[in-house]
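Worksheet for the structure shown next.
The values are calculated or read from the model by the stated rules, or taken from the named source; none is laboratory data. All figures in this text were calculated on a predicted structure; none of them were measured in a lab. Backbone-built Cβ (ideal geometry, glycine too); neighbour counts: all protein chains shown.
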Amino acid sequence: MTRLITREGLKKIQDELEDRRTRLRQEIARAIKEAKEQGDLSENAEYSEAKRQQSENETRIAELEMTVKDAQVAKRDKSVTEVQIGSKVKVKFNGSETEFEIVGSNEADPANFKISNESPMGKAFMDRKTGDEVEAETPKGLVKYQILEVN
């Protein structure tokens with residue numbers, strides 16, 4: 001399944017993957033070795049914790065590898081004035097202005113105003129342009145947005 005992602009999002013995932021394959025794997029291996037040297041593994045909490053961390057790290061590495069394999073970098077067409085992945089959208093709603101960035105689903109970070117193209121808000125903004133009014137379902141209910149600017 002192909003997943004659209006921004007160039008920055010792909011780089012972030014590749015950096016995390018490299019860090020987990022190298023630095024974190026080495027740290028966990030060192031912790032396992034030290035725990036083994038303490039003797040009886042059946043009652044060794046440090047060993048159990050290190051093995052749990054190893055399992056979590058390997059699972060995350062597999063997830064990241066699949067994401068990278070399935071990723072397709074969304075190419076932002078600068079000649080297009082409509083909202084697309086990679087667009088920054090300045091909107092007005094409830095009397096205030098906010099800027100959102102439209103990103104791929106695995107890059108979404110609503111706390112930092114990065115919304116997925118697959119989210120209700122992202123879907124409402126996609127292919128719209130400056131001046132358009134859109135409605136999107138949010139956790140607080142249906143909200144009407146006016147698009148002020150698309151970059």
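Screening GLU43, GLU99, GLU82 for residues that are part of a loop (DSSP other than H, G, I, E, B), of a type outside the set (Val, Ile, Thr) and within 30 Å of GLU135 (Cα to Cα) leaves exactly one candidate, GLU82. Just one of the listed residues (ALA111, ALA124) is surrounded by 17 or more Cβ atoms within 10 Å (Cβ to Cβ), of a type in the set (A, V, I, L, M, F, W, C) and not assigned by TED's automatic domain parsing to the domain that holds ILE28, and it is ALA124. Please verify whether ASN44 is within 22 Å of the chain's Cα centre (by Cα), over 22 Å from ILE115 (Cβ atoms) and among the polar types (S, T, N, Q), treating the condition exactly as stated. It is false that ASN44 is within 22 Å of the chain's Cα centre (by Cα), over 22 Å from ILE115 (Cβ atoms) and among the polar types (S, T, N, Q). Within region 3-16, track down each residue that is in contact (Cβ under 8 Å) with a residue 60 or more places away in the chain and more than 11 Å from GLY104 (Cα to Cα). Hits for region 3-16 are LYS12, ILE13.
Restricting region 42-54 to residues that are small (Gly, Ala, Ser) and exposed (fewer than 11 other Cβ atoms within 10 Å of the Cβ) leaves a set whose member that is farthest from ILE13 (Cα to Cα) is SER42.
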